[in-house]
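As structure tokens, the structure follows; a few thoughts come after it.
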Amino acid sequence: MPMDEAPMMGLASLTPDRGAAPEATSDPRVAAILREAIEALGESDREVINLRHVGGLSFKQMADALDEPLGTLLTATAPGRVELARAALALLALWALALARRPGLALAFAAAALAASGATGHAAAIHPTWSVPAKAIHVAAVAVWLGGLAVLFATARAGDDFRGLAMRVSSLSLAAVVVLTVTGVLQTLLFVPGLGLLVCCAYGAVILAKLVGLGALVAIGARNRIRLVPGLPAEGTRAALRRAVAWELVVMTMVLLAAGLLAYAPVPRPDLHPGAHATHMEMN
Ligand code: HEM
């Protein structure tokens with residue numbers, strides 16, 4: 001069903017031909033940005049946004065309003081297709097690992113799911129040529145680091161050549177830190193046009209919180225490598241390393257939660273925070 005026939009009040013308020021968006025916000029600058037962004041969308045994406053965010057419909061109601069099966073609706077937009085592909089690949093990885101017992105295949109599916117993750121969220125919309133690969137590499141580095149820590153924690157009580165394993169995980173983690181810092185900084189530069197904007201908004205605050213978390217993780221990891229790993233396989237050192245790795249996993253979980261928030265926080269824009277941008281200009 002075309003947009004105009006959808007049984008919703010005000011649904012068309014965001015379509016470009018109707019002058020668009022002032023009802024969505026009282027701030028004229030936000031309305032202008034919204035109008036610009038919505039005009040840049042394809043018709044099907046615009047229709048879905050109208051139904052979902054202006055009309056407030058559930059996906060089932062949207063499918064009914066558009067007279068389309070729910071599956072068709074989910075595959076109607078590019079972001080919907082990427083999300084579906086990502087979820088399917090993650091499920092296939094789980095299947096390959098847990099049921100088919102083929103770790104190589106599971107790794108391939110998981111890597112493809114991580115690559116698809118790069119094309120979701122802000123990265124898909126802002127400088128995608130750089131930010132999509134940067135985000136895919138960023139999350140892959142996180143996965144390598146987290147996976148290494150999980151293996152270390154699981155095998156700390158028993159397991160042969162634990163010292164060799166700990167050294168390998170430590171080296172891998174170090175490489176992951178470098179990669180995720182470079183790709184994290186790159187994404188920040190692409191999404192946040194000015195240092196001043198880092199301290200004015202929730203988005204910047206979450207990035208700074210992630211940096212603090214990263215600092216804590218690096219400190220724990222350095223202590224493990226310099227003080228604990230050389231003392232292995234002594235029983236006391238093994239237990240101390242397991243405790244330290246448990247703390248790393250706790251901090252890592254908090255940083256991951258922060259990363260989840262980041263994906264939903266609006267990216268700061270200089271036209272909405274002119275003061276913060278000026279601070280940046282003065283700094284330069
Ligand atoms: C232990 C450290 C880190 C972890 C575990 C981590 C994890 C993640 C994850 C999982 C995402 C994807 C979020 C999503 O779209 O669902 C992400 C995105 C991102 N990360 Fe990190 N990250 C870390 C460090 C950093 C650092 C140090 C920076 C910056 C200096 C950074 C900046 C970013 C940015 C800008 C994004 C994109 C968020 C968006 O879509 O707007 N990250 N991070």
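Worth pointing out:
- T181 paired with A78, simple spin-label distance in nm, labels 7 Å along Cα-to-beta-carbon: 3.4
- Extension gain for R29 to A143 (0.36 nm times residue separation, less C-alpha to C-alpha distance): 37.2 nm.
- Using R0 = 45 Å, the C-beta based FRET efficiency linking L107 and R227 works out to 0.90.
- The fraction of all Cα pairs in the range 121-283 landing in successive 10 Å bins from 0 to the largest distance is 10, 35, 27, 17, 9, 2, given as whole percents.
- Cubic angstrom per residue, convex hull over Cα atoms of the range 54-161: 157
- Once divided by 2.2 N^0.38 Å, the Cα radius of gyration of the range 146-193 becomes 1.58.
- Order of K60, K210 - criterion: other Cβ atoms within 10 Å of each residue's Cβ, fewest first: K60, K210
- Cα-only Debye scattering, the range 127-208: base-10 log of I(q)/I(0) at q = 0.15, 0.25 Å⁻¹: -0.65, -1.10
- Burial ordering of E235, E36, E248, fewest other beta-carbon atoms within 10 Å first: E235, E36, E248
- Theoretical gain in end-to-end length, A88 to A234 [0.36 nm per residue, Cα-Cα removed]: 48.2 nm
- From least to most packed, judged by other beta carbons within 10 angstrom and beginning with the fewest, H138, H122, H127 follow the order H127, H122, H138.
No value in this document is a laboratory result; all are computed from the given coordinates. These numbers come from a predicted model, not from an experiment. Please note: Cβ atoms are built from the backbone with ideal geometry, for glycine as well, and neighbour counts cover all protein chains shown.
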